[in-house]
Amino acid sequence: MGDAEAQAVANTIHSGWVAQGPRVSEFEKKFAEYIGVNEAIAVSSCTAGLHLALHVHGIGPGDEVIVPSFSFIATTNSVIYTGASPVFADVDEVTGNLDVPELDRVLGPQTKAVMVVHQAGVPAELNQIRAWCKARDLLLIEDAACAIGSRYESSLIGSDSHLAVFSFHPRKLLTTGEGGMMVTDSSEIATRLRQLREHGMSVSAADRHASGGTTVEAYLETGFNYRMTDMQAAVGLVQLEKIDRIVRRRRELAETYHRLLDDLDAVRAVTDPTCGATNYQSFWVELQDDMVDRGHVMSFMAERGISTRRGIMAAHLESACSQFASKPLPVTEHLTRRTMILPLYHQMTSDDQVHVIQALSDALTEQLWPKS
Ligand SMILES: *Cc1c(COP(=O)(O)O)cnc(C)c1O
């Protein structure tokens, strides 16, 4: 974020309208245009949006929703909020995403929906998963938290979705501090989502004030307070202008990493899947040699001033999920133990990247061929 975002927030404060209002509407309109969908509905977070996506379709107690365990825990939590049970599926070893053979393995009589995640920005095999869900009359929700600007074939993620939800947490490529956006082509669902995010009100507070009259709202069903503020939307509008540039820059940096990693045999890096293009929200690598201790590699690199992160978590291993039985998930458990995330930011230079890969290489050498 820069001065333009700060100025946009200041302007919003001076406008006298800070809660969900005209800037949220404008952000929704511009976001829908960017993705190429009819409707975009802003919410307070992607987690809130995922919850609403299930709730609006009546998912609740007694239902099961298939989710990848290999994801940030919010994916699973959104299912738990509805009273339904998450059913954990394993993922493809190369992409880290759900695939059809896994869905077949975990499908059960109570399965009502699938929540597919475009993990770390890598697009999932949507055509196959959509066809599989359609044949079984199952709802498909896309957790596109990480996937703004990623493409399935040549289309932006979200453009052909029944319902996809993006995150604007600072960890993601476009940020509003906190926030999320749901996209859909159904205006019927969009109308209901707009009511549900605002206490189930028939008329939004912004419209009520704008009418200048004495419109009285009705409460049609039990809703939630999942609104985005106009201050956040003002930031989002500025950020949206930059998104193509951000994605292009990240793909350039990833290409440099791939070139530098060519010589490191024991390291496999995330890359574009055959079905599309990732935005490289996170550049993760798998340490393929079992002799290498990931913790040691991370501390070795930290000593050289390079901050890394453990790879993507596995929800089924956390105590928060212990009441939900899980089939064995060998790929998830392997990836969560053996992957780590390298630094990737727009201002990074090729020298920075050489420095990172040199440190990684030295860390591996030290462990595999220790000087006696
Ligand atoms: C970040 C993230 C979320 C949560 O997004 P919030 O906007 O922070 O609620 C959900 N799913 C995945 C895969 C994420 O990476």
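Here are the numbers for the structure shown:
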item	result
Residues (within 17 Å of Val331 (Cβ to Cβ), buried (at least 17 other Cβ atoms within 10 Å of the Cβ) and not hydrophobic (A, V, I, L, M, F, W, C)) located in the range 77-112	Asp90, Asp92, Thr95, Gly96, Asn97, Asp99, Glu102
Odd one out for Gly223, checked against (1) touching a residue at least 60 places away in the same chain (Cβ under 8 Å); (2) crowded, with 18+ Cβ neighbours inside 10 Å; (3) not charged (D, E, K, R)	(1)
The range 310-335: number of residues that are touching a Phe, Trp or Tyr at 6+ places or on another chain (Cβ under 9 Å) and within 29 Å of Asp351 (Cα to Cα)	3
All positions within the range 143-175 that are out of contact with any Gly (no Cβ under 7 Å at 6 or more places or on another chain), surrounded by 23 or more Cβ atoms within 10 Å (Cβ to Cβ) and outside any loop (DSSP other than H, G, I, E, B)	Asp143
Odd one out for Ala8 among (1) closer than 29 Å to Ser155 by Cα; (2) of a type outside the set (Ser, Thr, Tyr); (3) outside any loop (DSSP other than H, G, I, E, B)	(1)
Unique match (being surrounded by fewer than 24 Cβ atoms within 10 Å (Cβ to Cβ), modelled with pLDDT of 95 or more and not assigned by TED's automatic domain parsing to the domain that holds His334) among His118, His55, His51	His55
Selection within the range 198-213 - of a type in the set (A, V, I, L, M) and closer than 16 Å to Thr229 by Cα	Ala205, Ala206
Selected residue (only one of Asp185, Asp207 is surrounded by 14 or more Cβ atoms within 10 Å (Cβ to Cβ) and touching a strand residue (DSSP E or B) at 6+ places or on another chain (Cβ under 9 Å))	Asp185
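The values are calculated or read from the model by the stated rules, or taken from the named source; none is laboratory data. All of these numbers come straight from a predicted model, not from anything done at the bench. FYI the Cβ positions are ideal-geometry reconstructions off the backbone, even for glycines, and counts take in every protein chain you see.
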